[in-house]
Structures are given as structure tokens and as C-alpha cells.
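Trainee: The structure's right below; bear with me while I get my questions together.
Throughout, read-outs are computed from the coordinates displayed, never taken from laboratory work. From a predicted model like this one, the values you see are computed outputs, not experimental measurements. A quick note on method: Cβ atoms are made from the backbone with ideal geometry, for glycine too, and the neighbour counts reach across all protein chains shown.
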Amino acid sequence: MDSWISWAGLFWVAAFAMVAGISTIIIAMHALAKSQNSQVPKWRPKNSPIHLLVVLGSGGHTAEMFSMLRRMKLDPSKYTYRTYLVSSGDNFSAAKAVEFETAYINKVAKASAAAAAADAEKKDEQRSTGAYTIVTVPRARRVHQSFLTAPFSTIQSFWSCLLVLRGLHPDQRPLTAPIRSPYPDIILTNGPATAVCVILAARLLRLCHAFCAVLTFRRRAGTQTGSETNAPDFQLRTIFVESWARVTTLSLSGKLLLPFADRFLVQWPALEGKKAWPGMRETEYAGTLVD
Amino acid sequence: MERPIPMRARSPIKVCFVTVGATASFHELLQTILQEDFLQVLRRFGYTNLLIQYGKDGKSVWDAFERQYPPHTGCRNGLLVEGFDFNPDGLDEEMRMARSNLSKGHDGGLIISHAGSGSILGAMRLGVPLVVVPNSTLKDNHQQELADELQSQGYVIASSCQNLSAAIGRGERLRAQMLAWPPVCAVSQRRQRSLQEVMSDELGFLD
């Protein structure tokens, strides 16, 4: 057996694999950085209904999230449909979501209804405040769960998040008239573990859309040249707000999601300007968002 | 300021509320506040009630206290000490008891809390002086940073379990010069995009 040929062959194969691997990584990183820095063009009519997905986590995260939503005075006539995503076994978050919907949203809705009734001309503009659902997904890793089984439960959790984003989760009902797309328009989270699955799933779906768009465009290239801005491109936008409890260091989910979230807001000045790698978007200092 | 308040026959109610949170156990804090000398300090500053949320794991510490100092024997320094494990509806009601309320005869009290963000925000929103005690046994100790930062901005008092007695006096000083929460944006401050605006950016509304 003339071993020198096979050794040389092996060397070339290894070298080729390495170059291919490294260039794939560079292209993927570049694509991620590019897509992260892309701005959403102004395409959405002012009064179009919005589907908001809020990812809730355990105790502190949930309390902070509703604190933020109250402080920003979430407008139910704008964000007409709200989905709250909670982890299994987290009754606290689900209860808080119901409390927020009944106490806050109803109050705002009544106030705006009264204002609209007083102003008779604006009566047609009075819109319903829509509805909400609470969706439960399995945890990626339960407390005390073995690390051996954790990858499987993580995949299960990820799959569940994909279903939620596509509106196919058993907890969800088919959406009603004003909202046509199954995909949420915008995803808001402040860093529980589930957020990692949700944001990665959103990125994956958008990647699929991009691929499908390229394929269909090639197929239709000869026949039609329609408008380029189709809605799914600008849905599933993700906003990650680092927890208010994080003053000088990012949380683990924050570190993981820094390259993937479309907007990454921090609430303390010491965290401003961090980025995942050169060329990527920096974290944005938004000041205190909780009340 | 730190001068002990003289005892009167009909003194107003003054509540000190202690919360250790729902998730992690915090025996160190419970043991500190249930010591006799700590109760003495509270009494010296005019407190009449001590209300404790001890959590699911804190029952053993609470029961030990009940056995060691049974109520109505005078060893609680005249304090009315009560405890409960957890309130699934949130702790706003209990925190409100520490707020000054003249019509109910409540003097302004104090909240001693673990460094969980939910509890800190709840207390700051009510404007009750707050002593934050970070749990040093938690592995990822970012709680200490939050407590220190809020202390340096003048919103709360950060304390360890060892220095908790001194923190009671500092609580009285904080009451005199408390800042309102949430902070108002100062004019000189650079204007940041609000959450509402960031969401609108990402939705791409037409002008």
C-alpha cells in the first residue's frame, strides 16, 4: 500500500473541509450581521392591527415585563391581538397575564370607548380591543433535570415555539378577521430561558421565508415583476430587553441572543454599546423602562 | 434622626415588612430578623408590628422562632410578630401596610426585601423606605450590583444580613429624603428612544 498518496489525499481533503467550513462560518456571520443591521422600511399603514407576542418567564421577568407594558401604556387598539407565551408549570405568569388583561387593558379600552362615544364623529374609528391567548410551551430544562435528557426537552420546547409562531399550537385558536397572517408581527421579551427558543425559532422562520422568496422569485422571474415588499419579510421582528436586574453584565440568554435579536435594549448605561462581534449592531441604552 | 423614639401609651402602628421572595430560600435573612436583639432595635425605632413573608422553605425557621419565643410572653419586645409563607396574589397589600396612612393610624414603616426585581420595584413604587438584602448564597450574584447601584442613586439602602440593625436607622434617614420612582427624565439627559418608539420602528409604520 503506497501510503504517501493516501496521506496527501487526506491532507487535501482536510484542508478543503477546513476552508469550506471557515468560509461558511464567515458567510453566515456576515449574513447575520447584515440582516441584523437592516432597517424596516415604512410599509405598514397607520391603522393596521398588530399581533404582539410577549414571552413571559418566571417571577421577576414576568413582573418586569408587565411593569414595562404599563409604563409604555400599551395601546390595545393598536396592538389588537396579544399572545402571552408561558413555560409549563408557571402559573404565576399566566395569572399575571390574565390580571393585566382584565385590570389594565379593560380600563384603557373603557376609557377610549368613552372618549369615542363623547366624540360622535369618531365613532367609526372606535375599534375593538381584540383578544388575547395564553400559550404554554414545555420548559427547555426543568430544575434538577439531567443534562443527558436536556437536549431532547430543548428540541421539544423549540418545536413548540415554532408551532406557536406559526399559529398552530393547540392552545391557539384561529385568528379572527383583522389579522390575516398567522405570524406575530412583533415579539417582545426580557430574557427568560424560553426567549432563546422563541427568538431562534423566529429567525429560522424568517430564513425559510427568505429562501422560499428566492426560489419563487426565480420561478416567476419571467412572468411577473410585482411589488417586492410582501408582509412576511417584516413580521416576526424581535425586541430583546435585558432585565432591569442586570446592571453591569448581560444575562446568559442575553449573551446568546445578542447576535439574533433585531433590537437589543439595555436599561443601565454600563451595558451600552456591547456587541457580539465586530460589524454587529450594538446594544442600545434605553434608560429605565420599568416603573 | 437616629434618636430612639420615646414610647407612648397609644403609639401609632408602625409596620416593618420583610419578604424573602417565592423562589429561592433565604434562611440567613430570616434568622437575622428573628433574633431578639434585632427585635429590640425595631422597638427602639418605634416599630409595633413585624410582618414576615418567609417563603415555602422558611417554615422551619419560623416554627423554631414560634417555639423559642411564644407570643404573649413578653420576650418579643412588645412587637406583634406575624408570618405567612406566600401570597399568590402578590405582596402589594402587605407592602401597603408599611406605608404612612394617617386615617388608619399607620406611621411610615419599612420594607426589608431580598434583591428580587419584582419586590424592589413593588416597594419603590409605593414610596416606602426599602432595605435590600442581596442573597449571597445565590451562585450568579448580580443582585449585589443592582442593590449597590440603586443605593448610590439614592433609592434604596443596600445591606448585608450582618449590618441589618444599622440599616434600620439608615431607613429613617432615607424616609426624609426619598426620591420618587419611576425616575423622571432630566432635561440635561440625552433623550433615548422609548420602548413604544422602538416597537414602532420595527413595525415600520407609514408616516
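Trainee: Using only the alpha carbons of chain A, determine the length spanned along each of the three principal axes and report them from longest to shortest in whole angstroms.
Mentor: 93, 57, 40
Trainee: Turning to a different aspect of this structure: Got the relative contact order for chain A handy, in percent, Cα pairs under 8 Å and 6 or more residues apart?
Mentor: Details: 403 pairs, mean separation 58.6, N = 291.
In percent, rounded to a whole number, it is 20.
Trainee: Tell me the mean residue ellipticity at 222 nm calculated for chain A from its helices only (DSSP H runs of n ≥ 4, each -39500 (n - 2.57), averaged over every residue, nearest 500). Could the numbers behind the result be given before it?
Mentor: Details: 7 runs with 120 residues, N = 291.
Helix contribution divided over all residues of chain A: -14000 deg cm²/dmol.
Trainee: Calculate the spin-label point distance for A:LYS73 paired with B:GLN31, positioning each point 7 Å from the Cα along the beta-carbon direction, and give it in nanometres.
Mentor: The modelled label-to-label distance comes out at 5.0 nm.
Trainee: Order these by the 10 Å Cβ neighbour count, fewest first: B:PHE205, B:PHE84, A:PHE66. Walk me through the intermediate numbers first.
Mentor: Values: B:PHE205 18, B:PHE84 12, A:PHE66 22.
With the sparsest Cβ surroundings first, the list reads B:PHE84, B:PHE205, A:PHE66.
Trainee: OK, next. How would A:HIS144, B:HIS114 line up from fewest to most surrounding beta-carbon atoms within 10 angstrom?
Mentor: Numbers: A:HIS144 5, B:HIS114 25.
With the fewest neighbours first, A:HIS144, B:HIS114 line up as A:HIS144, B:HIS114.
Trainee: Along Cα→Cβ, 7 Å out, is where each label goes; now give me the distance between the ones at A:PHE11 and B:LYS104 in nm to one decimal.
Mentor: Inter-label distance under the simple model: 8.3 nm.
Trainee: Okay, next question. Anything over 27 Å Cα to Cα? Flag those among A:LYS34/A:LYS96; A:LYS34/A:LYS255; A:LYS73/B:LYS56, in the order listed. Mind showing how you got there, number by number?
Mentor: Numbers: A:LYS34/A:LYS96 37 Å; A:LYS34/A:LYS255 19 Å; A:LYS73/B:LYS56 35 Å.
Listed pairs above 27 Å: A:LYS34/A:LYS96; A:LYS73/B:LYS56.
Trainee: Scattering from the C-alpha atoms of chain B alone, worked out with Debye: what is log10 I(q)/I(0) at q = 0.09 1/Å?
Mentor: So the normalised log intensities are -0.39.
Trainee: So for the range B:13-203: antiparallel DSSP bridges make up what percent, rounded to the nearest 5? Walk me through the numbers before you get to the answer.
Mentor: Values: 1 of 23 bridges.
So the antiparallel bridges in the range B:13-203 amount to around 5 percent.
Trainee: Can you check what the net charge comes to around A:GLU272, using other residues whose Cβ is under 9 Å from the Cβ of A:GLU272 (Lys, Arg +1; Asp, Glu -1)? Each step should come with its number before you reach the end.
Mentor: On the way: positive: A:LYS274; negative: A:GLU282, A:GLU284.
Neighbour charge sum, excluding A:GLU272 itself: -1.
Trainee: Which pairs in the list A:LYS78/B:LYS104; A:LYS46/A:LYS110; A:LYS42/A:LYS274 are over 31 Å apart, alpha-carbon to alpha-carbon? Write down the numbers at each step before the final one.
Mentor: Numbers: A:LYS78/B:LYS104 42 Å; A:LYS46/A:LYS110 22 Å; A:LYS42/A:LYS274 27 Å.
Correct reply: A:LYS78/B:LYS104.
Trainee: Pairs of alpha-carbon atoms within less than 8 angstrom and 6+ residues apart define the contacts here; what relative contact order does the range B:13-203 have, in percent? Intermediate values should be presented prior to the final figure.
Mentor: Details: 289 pairs, mean separation 39.7, N = 191.
Dividing the mean separation by the residue count of the range B:13-203 yields 21 percent.
Trainee: While we're on this one: Between A:VAL108 and A:TRP159, what FRET efficiency follows from the Cβ-Cβ distance if R0 is 51 Å, with the result rounded to 0.05? Please list the in-between numbers first.
Mentor: On the way: r = 35 Å, r/R0 = 0.69.
Computed FRET efficiency for A:VAL108 and A:TRP159 comes out at 0.90.
Trainee: Related question: If I stretch the segment between B:LEU206 and B:ARG125 completely, what's the gain in nm (0.36 nm per residue apart, minus their alpha carbon distance), one decimal? Present the calculation step by step, with values, prior to reporting the outcome.
Mentor: Details: separation 81, 0.36 × 81 = 29.16 nm, distance 3.63 nm.
Taking B:LEU206 through B:ARG125 to full extension adds about 25.5 nm, to one decimal.
Trainee: Using a Debye calculation, one point per C-alpha and no hydration shell, please list log10 I(q)/I(0) for the protein assembly as shown at q = 0.08, 0.09, 0.10 Å⁻¹ in order.
Mentor: Evaluating at q = 0.08, 0.09, 0.10 Å⁻¹ gives log10 I(q)/I(0) of -0.61, -0.74, -0.88.
Trainee: Please find the FRET efficiency linking A:SER146 to B:ALA180, where r is the Cβ-Cβ separation and R0 is fixed at 45 Å, and quote it to the nearest 0.05.
Mentor: Working: r = 48 Å, r/R0 = 1.07.
Plugging the Cβ-Cβ distance into 1/(1 + (r/R0)^6) gives 0.40.
Trainee: Moving to a separate point now. Under a plain spin-label model, where a point goes 7 Å from the Cα along Cα-to-Cβ, how far apart in nm are B:HIS72 and A:PHE211?
Mentor: 7.5 nm
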